[in-house]
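Here's the structure we're looking at; comments come further down.
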Amino acid sequence: MRLWIHEVYRVFCDRLVDSQDRKLFFQIVKNVVQTQFKEKINNLFGHIVIGRDLDDDDMRNLFFGDYMSPKSGGKTKKRYNEILDM
């Protein structure tokens, strides 16, 4: 779910230029997570925010990368991993 949120933010939200539109987008994503995935967005991001509600600005801390081990010689599948330590 966090990867999906990361991707929709990179595809759609990164193109928004107005803070009001970005806040509306955050509310849309929050609603989709709750209605379609049956999860509360604060539960998904407890590792990013502690003791408070998630907001649009916190979404900038969500990063994923697709890295392979150099020792695998390219034989392992690429996986998207969440980058937790900046």
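The set of residues in region 7-39 that are in contact with a Cys (Cβ under 7 Å, 6 or more places away or on another chain) and within 21 Å of Gly65 (Cβ to Cβ) is empty.
Residue under question is Asn31, and the condition is that it be assigned to a helix (DSSP H, G or I), surrounded by fewer than 13 Cβ atoms within 10 Å (Cβ to Cβ) and modelled with pLDDT under 90; does it hold? The answer is no for Asn31. A search for C-beta distances below 7 Å between a residue of region 42-66 that is more than 21 Å from Asn81 (Cβ to Cβ) and in contact (Cβ under 8 Å) with a residue 12 or more places away in the chain and any residue that is part of a loop (DSSP other than H, G, I, E, B) and open to solvent by 60 Å² or more (accessible area, probe 1.4 Å), counting only pairs 6+ apart in sequence or on different chains, returns Asn42/Asp53. Is it true that some residue in region 2-17 is at pLDDT below 90, open to solvent by 50 Å² or more (accessible area, probe 1.4 Å), in contact with a helix residue (DSSP H, G or I) (Cβ under 7 Å, 6 or more places away or on another chain) and assigned to a helix (DSSP H, G or I)? Checking region 2-17: at least one residue is at pLDDT below 90, open to solvent by 50 Å² or more (accessible area, probe 1.4 Å), in contact with a helix residue (DSSP H, G or I) (Cβ under 7 Å, 6 or more places away or on another chain) and assigned to a helix (DSSP H, G or I).
When the residues of region 40-86 are filtered to those that are open to solvent by 100 Å² or more (accessible area, probe 1.4 Å) and modelled with pLDDT of 80 or more, the one that is nearest to Cys13 (Cα to Cα) is Asp57.
The values are calculated or read from the model by the stated rules, or taken from the named source; none is laboratory data. Computed from a predicted model, the values in this text were never measured in an experiment. Note that each Cβ is placed from the backbone with ideal geometry, even for glycine, and that neighbours are counted across all protein chains shown. Heads up: the accessible areas ignore ligands, DNA and RNA and are worked out on the full protein's heavy atoms, side chains in. Shrake-Rupley method; radii C 1.70, N 1.55, O 1.52, S 1.80 Å.
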